[in-house]
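One structure is given below, encoded as structure tokens.
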Amino acid sequence: MNSQGKASRISYFNYGAIMKIAIVGAGAIGGYVGAKLSLAGEDVTFMVRGANLEAIRRNGMKLIMEDGSEHVAGQVNASDDYRQAGRQDLVILALKAHQLEAVSHELHHLLGPETAIVTMQNGIPYWYFYKTGGTLEGSRLSMVDPSGAIGEKIPPSRVIGCVVYPASELVAPGVVRHFEGERFPLGELDGSHSERVLRISASFTKAGFKAPVLDDIRSEIWLKLWGNLSFNPISALTHATLVDICQFSLTRTLAAALMTEAQTIAHKLGISFRVPLDKRIAGAEKIGKHKTSMLKDVEAGRALEIDALVGSVIELGRLTATPTPQLDTVYALVKLLGKTFEEERGQLQLRRVA
């Protein structure tokens, strides 16, 4: 390795050094993470377009915390030109799973020899079978990477897995409101505690997040997905909040049935759940009158991330010879709902009758 390469490696693993971090997407989570990292002293660039781009360039990224306090990350950069943004130490993909392929073709402009990529998508990730061993090693999930372009353009060898627990919302261009949560568990795909994942964890911790490095990031992904694959589609179809779903006996039973099918698949893949099913449902009930992200997408007429949250699990069911009748039914209904939105260019909201 030449002297320039050595300098780059030393700089990257210097825990006191400022990191160059590109946040791809400045929505609810990307805006929250990027603002906090910038306020903690990191060199942050948001890769965004449209009104968000103009607002961040003009005013920085504004963050409204759950206690009402307001903070402005005025030193952030914002760009829609990946080539101009240049090589980064870290790239955080804060888009939804179905948006990854669209940006994957430009991402190489941000990547240097040592650049790591943190994926923050809900659902089963495109890299799931990288370094898992066994007969499914290297398998591609068509539900989350239909053409194979994502895996090709965003190499799993660069990826650090991440599970997103905070809840926030983009309330206006360049303005994010944080509601609750600060936990972003991280993990190498092979379970190792590498220098790069420890450096990223340290950076997140400095920014005020809880970012433990896990030995098994896939089990943590399943734990969150367990709720997402049940409560999200049910809420999209019924317009009910978490507490409403959990306290109505029929939908509580349906959620448990969906989760049971998923648990059977996960167990066949070697996944263990550190929380019992009933406790997972009780935890969702305690959150209260919370609208899921999929319900919010229904109300706004946005594309629904049903393939990553449910379709991918059904695909895993096929790969493990596991029947998924309940998941199949819910998936079909939400897919038709999304198709109707797309064709009619509409949205669906409940309005109170006077």
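Filter the stretch 186-210 for residues that are closer than 26 Å to R280 by Cβ, in contact with a strand residue (DSSP E or B) (Cβ under 7 Å, 6 or more places away or on another chain) and without any contact (Cβ under 8 Å) to a residue 60 or more places away in the chain and give the result.
Hits for the stretch 186-210 are G187, E188, S201, K210.
Which ranges mark the helices (runs of 4 or more DSSP H) fully within the stretch 235-316 that have 1 or more residues being more than 22 Å from D328 (Cα to Cα)?
Once the helices (runs of 4 or more DSSP H) in the stretch 235-316 are filtered for at least 1 residues that are more than 22 Å from D328 (Cα to Cα), what remains is 242-247, 277-287, 293-300.
Taking K286 as the residue in question, decide whether it is in contact with a Ser or Thr (Cβ under 9 Å, 6 or more places away or on another chain), free of Cβ contacts under 8 Å to residues at least 60 places away in the same chain and surrounded by fewer than 15 Cβ atoms within 10 Å (Cβ to Cβ).
Criteria not met by K286.
Residue-by-condition table, conditions (1) in contact with a helix residue (DSSP H, G or I) (Cβ under 6 Å, 6 or more places away or on another chain); (2) among the β-branched types (V, I, T); (3) not in a helix (DSSP H, G or I):
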residue: I160; (1), (2), (3): yes, yes, yes
residue: G187; (1), (2), (3): yes, no, yes
residue: R199; (1), (2), (3): no, no, no
residue: N232; (1), (2), (3): yes, no, no
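Would you mind finding the one in V176, V103 that is in contact (Cβ under 8 Å) with a residue 60 or more places away in the chain, of a type in the set (A, V, I, L, M) and either closer than 30 Å to I287 by Cβ or touching a helix residue (DSSP H, G or I) at 6+ places or on another chain (Cβ under 7 Å) (or both)?
V176
Can S235 be described as over 20 Å from V275 (Cα atoms) and buried (at least 21 other Cβ atoms within 10 Å of the Cβ)?
Yes.
Criterion first (part of a loop (DSSP other than H, G, I, E, B), touching a helix residue (DSSP H, G or I) at 6+ places or on another chain (Cβ under 8 Å) and either surrounded by 21 or more Cβ atoms within 10 Å (Cβ to Cβ) or outside the structural domain of K62 (by TED's automatic domain parsing) (or both)) does Y165 satisfy it?
Taking the combined requirement at face value, the residue does not satisfy it.
The values are calculated or read from the model by the stated rules, or taken from the named source; none is laboratory data. For clarity, every value in this text was computed on a predicted model and none was experimentally measured. When we count neighbours, we look across all protein chains shown, and the Cβ atoms used for this are built from the backbone with ideal geometry, even at glycine.
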